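Worksheet: the structure to be examined is printed underneath.
The values are calculated or read from the model by the stated rules, or taken from the named source; none is laboratory data. This structure is a prediction, so every number in the text was calculated from the model and none was measured. For neighbour counting, all protein chains shown are included, and Cβ atoms are generated from backbone atoms with ideal geometry for every residue, glycine included. Heavy atoms of the whole protein, side chains included, go into the accessibility calculation; ligands, DNA and RNA do not. Shrake-Rupley method; radii C 1.70, N 1.55, O 1.52, S 1.80 Å.
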Amino acid sequence: MLSMLPAPDSIPTSWGYFQFFLLLTFPLHLLFMNALLGSSVLAIAAHLQASQKSKALAYELAKVIPLLIALAVNFGVAPFLFLQVLYGQHIYVSSILMGLFWIMIIPTLIVAYYATYWYDFKFITLGRNGVWVLSFALLCFLGIGFLLSNNMTLMLHPEAWGAYLSNASGTLLNTQDVTLWPRYLHFMVGGTAAGGLFVALYGRFLARKDASLGAYASAIGMKLFLTLTVVQIAIGTWFLLALPKAQMLLFMGRNGLATLCFVVALLLIAITLFAAFKQKVYLAATLLAGLVYLMVFMRDFVRRGYLEEYFSPEMLKVVPEYSPLIFFIVTLVVGLSLILWMLRMAFTPLLK
Amino acid sequence: MNYPVWYLPETGGGILIAVIAVVHVFISHFAVGGGLYLVLTERKGLKENDAGILAFTKGHAKFFMLVTMVFGGITGVGIWFIISLVQPAATSMLIHTFVYGWASEWVWFLVEIVALIIYFYTFGKMDNRTHQMIGWIYFAAAWLSLFLINGIIDFMLTPGAWVDSQGFWIGFFNPSFWPSLFFRSFFSFMLAGLYAFLTSAFLKDPRLKANMTRYSGKWALISLLLMLPCGYWYLSVLPEPARMLVEGQSPTIQIAGQYGLYALIITFVLVLLLTVVRPALNNKLIAVLTMIPAFILLGSFEWTREAARRPYVLNQIMYSNGVTIAQADALQGQSFLAPAKWASIHEATNQNLTLAGAEIFKFQCYACHTIGGINNDILPKTASMDFPAMTGYLLNVIHKRPYMPPFLGNKLEAMALAAYLVGDLHDKEVDPALITASTDMGQKLYNDNCVGCHGIDIIQDWAAELTLVEIIAGLESLSELNEMMTDFSGTLQEKQLLAGYLKSVVTPPSSPVIDGKSVYDQNCVGCHGKDIIVAWAAGQTESAVSASLAKLGLLNPMMAGLSLNDQERLAMAAWLSAEQTGGK
């Protein structure tokens, strides 16, 4: 259905800048999303245990969950912006085809967000019912993730867009795509695993106030990470095999850079697992962040592979205007400096 | 054209945007003004060393965080989602033009989040100076977000010089940038006061409650007074067509304007009551009641701003249905369906008229009209028209309406859309022959009888000077013109058709003059029945009627865009006088 593909608009700076910002910011979104999933799963798990210590951990996690939502959303905005600049004619179309579901993300997120604040501010009074509240929020997050996976794959399949001609009411999904489920599970299981590492890190922070609570948090965080990573390796293999041959072979030598990413990623997984096994939290977390970046690069190779026959961002017409880019970079530097200063002010007394 | 349309005919995308946008805007302005309110109120508490005020500020900060970060932040993403679903072409253009503006706004959004979280969670735990500083950073970031988004929103209504020389800064600092920025800033300070009425209402200590109510009232009152001149300034920079719509051409905007005015007055009175007269009166109910008119005020402002750029989504650049002016120009008289990427039918034929018409409605009219919905329902608007009138309206009238884009497509497509609207939606009779007959039959008669001997040009010269009646007379006595010809011996209807055709090739095809009735069908039927015109013409001479028809805009501003030429006016005046005598 090549003829359905809308004509793209021109861009003000070379496409490489947008690609750079996209690949820079998207992993940050994933990292916060992972921390959110892991914290929610472990808060629920800890809350269900009888011990006082596990309840205390659930409460500590309750405090960070809403903040993680705020950051996950914020860091979703930036890559979604750059995605629209590079692939607007794909992402707008796929969003419209699933419009009703797509817009439902907003009310779902609002409700889930309030649920997590409720869980936090009313932790004591809610008691055991809190588990229901947070589980509900977690279910919402998983649902939103499913819709995101749908949209991000539907945009890659212009040949499937013909379905619009018989259904224009925005209730299409991309469920006929065999890669959808492994891809979705890859994100959710992998994300929860990585979230385990976040809880382990958080445990190190908690340990300054309460050593045994901190140790407990680190221990169950690491356990979640190790267990789910093993599952994740199986899902990752499934995902790789589900990809169309052309995309799969990108990582098997057809594209040098993609193959390099793949090999380094495999190595990193091994080292990260080893570090986690040795309970080296900081090392494992750092390696994992690197791994998420590599995964995002690989994901980008897959996307470009899928779209090869239709479009590539190099084709976008550039009508050069660089001053807004400079304005943005200055804004970014000022904004980040302010954030660093504020974080220092906030954390210095806590870390003392 | 370029993008699929998310089609919910009974709902309409416009209302979805409106609902999310008004809610978001009501909160996001609070997020700006409320930030300033927080730091200054905290400062007041510190200066007066009043623990009550500080505790109030902290409580207000919690409320503020829950409202702005959750509801405000996520509905902000919601607006972005919904505009890209409903107006993908315009969104794409805004995103691509202003990408680094959006990106910078994202930076401030991040700073806001971090600052607000730290401000709330360290309240009372950090040294005062630093805590105040964090509050100031929050406010600065929130206001800068407004600054950035304001440029992009205003661009949609007043792109100004951008239309001729595209460029980020020209578009960003567009003609309504500054008035709108000031208007919105003061509005946000006013809202800060109103929201604080609500948190004050929860205070237990009556002295503190009255104190904070009066203090918050001063915020609202002063900001409201400063907001007014900015609103006036804003109106004064609107481009002419938008101002005409706001000042009366569009009945719906007039209604919105009235609501806005009443809402303003009620807000003012309530604020005055709580501030100057009796702060002690404040309670949860009153506080909420004060917010409602403010909500309506903002709603009518945003609604007017959106409606004033009709028929455009990006003023002077792109129509609401996603077709750019340049595309519309290129499509003049061409088939609309053939190049329409997402249409399921690419050619209208006599067999698929209704289906093709439904597609055209989806891609051209649905952007502003629902079918049976709340917003600008097409059903009552088309109820008075029959098939020929509707076709005539699409071909001759719609492009003269100030708030609608021109109809795009060829004649058969106009008939298709008319067939859908009249035949399908209103279940009336549709007979394509009625329309194809008049010109096509005439042309056929011409081809059958005249083409053999000479071209159209000499007939044109002859017919140019004559009225229809004279042409018919001439056809009956062709032999007198030249003995080579025999008199035309068709029926009276055939003579009329042929004469009509000859006349139509003489006068420009857009205004084929036949008689007053068809002038009426093509120009007036869309808005009112003929009775009111006949009644109006009663007792006037034909020449007086014809003269008044030249100035319809004086009778009612809705008709300002209508222009009839001399022949049309004379024909109409004649028809009106005949209708009267006929009617008696």
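Charges only on Cβ, +1 for Lys and Arg, -1 for Asp and Glu: so what's the dipole of the stretch B:516-580 about the Cα centre, in debye to the nearest 20?
100
Run the reach check for B:Lys381 against lysines, Cα to Cα strictly under 28 Å, same-chain hits fewer than 8 apart removed. What comes back?
Once the sequence-local lysines are set aside, what remains near B:Lys381 is B:Lys362, B:Lys400, B:Lys411, B:Lys428, B:Lys517, B:Lys530, B:Lys551.
Tally Lys/Arg at +1 and Asp/Glu at -1 over every other residue whose Cβ is under 14 Å from the Cβ of A:Tyr119; what's the total?
+2
With a sphere of radius 14 Å drawn around the Cβ of B:Leu66, what net charge do the other residues whose Cβ falls strictly inside it have (Lys, Arg +1; Asp, Glu -1)?
Net of charged neighbours comes to +2.
As an exercise, use a Förster radius of 56 Å and the Cβ-Cβ distance of B:Cys527 and B:Ile458 to find the FRET efficiency, rounded to the nearest 0.05.
Rounded to the nearest 0.05, the efficiency is 0.85.
Amide H neighbours of B:Asp377 under 5 Å, counting only residues 5+ apart in sequence or on other chains, H built in-plane at 1.01 Å?
B:Thr370
Please give the net charge around B:Val19, taking every other residue with its beta carbon less than 14 angstrom from that of B:Val19, where Lys and Arg add +1 and Asp and Glu add -1.
-2
What FRET efficiency comes out for the pair A:Arg344/B:Asn49, r = Cβ-Cβ distance, R0 = 35 Å, nearest 0.05?
The calculated FRET efficiency here is 0.80.
Once the whole set of protein chains is in place, how much accessible area is left on B:Lys381, using a 1.4 Å probe, in Å² to the nearest 10?
100
Take A:Leu350, B:Leu475 and sort them by solvent-accessible surface of the protein heavy atoms, 1.4 Å probe, largest at the top.
Most to least solvent-accessible, the answer reads A:Leu350, B:Leu475.
Taking the 0 to 90 degree range and rounding to the nearest ten, how far is the long axis of helix A:281-307 tilted relative to the main principal axis of chain A, both from C-alpha atoms?
20
Select from chain B the helices, each a whole stretch of DSSP H, whose alpha-carbon atoms run 27 Å or more along the helix axis and whose Kyte-Doolittle mean is at least 0.0; answer none if there are none.
What comes out of the filter, once short or polar helices are dropped, is B:13-47, B:99-121, B:128-157, B:177-201, B:206-236, B:251-272, B:284-307.
Would you be so kind as to identify which of B:Thr252, B:Phe173, B:Ala141 lies farthest towards the positive end of the dipole of the stretch B:13-319, taking Lys and Arg as +1 and Asp and Glu as -1 on Cβ and the Cα centre as origin?
My answer, from the dipole projection, is B:Ala141.
Quick one: accessible area per residue over the stretch B:323-437, 1.4 Å probe, rounded to a whole number of Å²?
Roughly 40 Å² per residue, with all protein chains present.
Place a +1 charge on the Cβ of each Lys and Arg in chain B and a -1 charge on the Cβ of each Asp and Glu, then give the dipole magnitude about the Cα centre in debye, rounded to the nearest 20.
4180
Give the interface area between chains A and B as buried accessible surface, both sides summed, probe 1.4 Å, in Å² to the nearest 100.
6100
Taking Cα atoms, how many degrees apart are the long axis of helix A:15-48 and the longest axis of chain A, rounded to 10 and kept between 0 and 90?
It works out to around 40 degrees.
So, with a 1.4 angstrom probe, what is the percent of accessible area on the stretch B:211-260 that is carbon and sulfur?
On the stretch B:211-260, the fraction of accessible area on carbon and sulfur atoms equals 68 percent.
Using the heavy atoms of the protein chains and a 1.4 angstrom probe, tell me the accessible area per residue for the stretch A:43-189 in square angstrom.
That works out to 33 Å² for each residue.
What does the accessible area of B:His346 come to, in Å² to the nearest 10, when a probe of 1.4 Å is used?
90
Ranked from the most accessible area to the least, with a 1.4 Å probe and all protein chains present, what is the order of B:Arg184, B:Arg43?
B:Arg43, B:Arg184
Hey, can you list the residues from the stretch A:287-327 whose accessible area shrinks by 30 Å² or more with all protein chains present, relative to the chain by itself (probe 1.4 Å, no ligands or nucleic acids)?
Residues of the stretch A:287-327 that lose at least 30 Å² of accessible area once the other chains are added: A:Glu321, A:Pro324, A:Phe327.
Any idea how many Lys pairs in chain A come in under 22 angstrom at the alpha carbon, given 8 or more places apart or on separate chains?
Step by step, the pairs that qualify in chain A add up to 16.
What is the spin-label model distance, in nm, from A:Ala219 to B:Asn375 if the labels are put 7 Å beyond Cα along the C-beta direction?
Here the modelled spin labels are 5.7 nm apart.
State, to one decimal in nm, how far the label point of A:Val318 lies from the label point of A:Ser51, with both points 7 Å from Cα in the Cβ direction.
In this crude spin-label approximation the distance works out to 5.9 nm.
Assuming 0.36 nm per residue, please report the length gained on full extension of the stretch A:Val330 to A:Thr227 beyond their Cα-Cα distance.
32.7 nm
Would you tell me the accessible area of A:Lys55, worked out with a 1.4 angstrom probe on the heavy atoms of the protein chains, in Å² to the nearest 10?
Accessible area of A:Lys55: about 60 Å².
Can you tell me the orientation of helix A:180-206 relative to chain A, as the angle in degrees between its alpha-carbon axis and the longest Cα principal axis, to the nearest 10?
Between helix and principal axis, roughly 30 degrees.
With r defined as the distance between the Cβ atoms of B:Gln567 and A:Ser169 and R0 fixed at 45 Å, what FRET efficiency is calculated, to the nearest 0.05?
Efficiency, from the Cβ-Cβ distance: 0.40.
List the residues whose amide H sits under 5 Å from the amide H of B:Tyr319, counting only those 5 or more places along or on another chain, with H placed 1.01 Å from N in the peptide plane.
B:Val313, B:Thr324, B:Ile325
Tell me the carbon and sulfur percent of the accessible area for chain A, rounded to whole percent, probe radius 1.4 Å.
74
If you take the charge dipole of the stretch B:1-151 about its Cα centre, with +1 on Lys and Arg Cβ and -1 on Asp and Glu Cβ, which of B:Leu46, B:Val25, B:Leu8 is farthest toward its positive end?
Toward the positive end, the furthest listed residue is B:Leu46.
Could you order B:Asp457, B:Asp377 by accessible surface area, starting with the largest, using a probe radius of 1.4 Å?
Of B:Asp457, B:Asp377, the descending order of accessible area is B:Asp457, B:Asp377.
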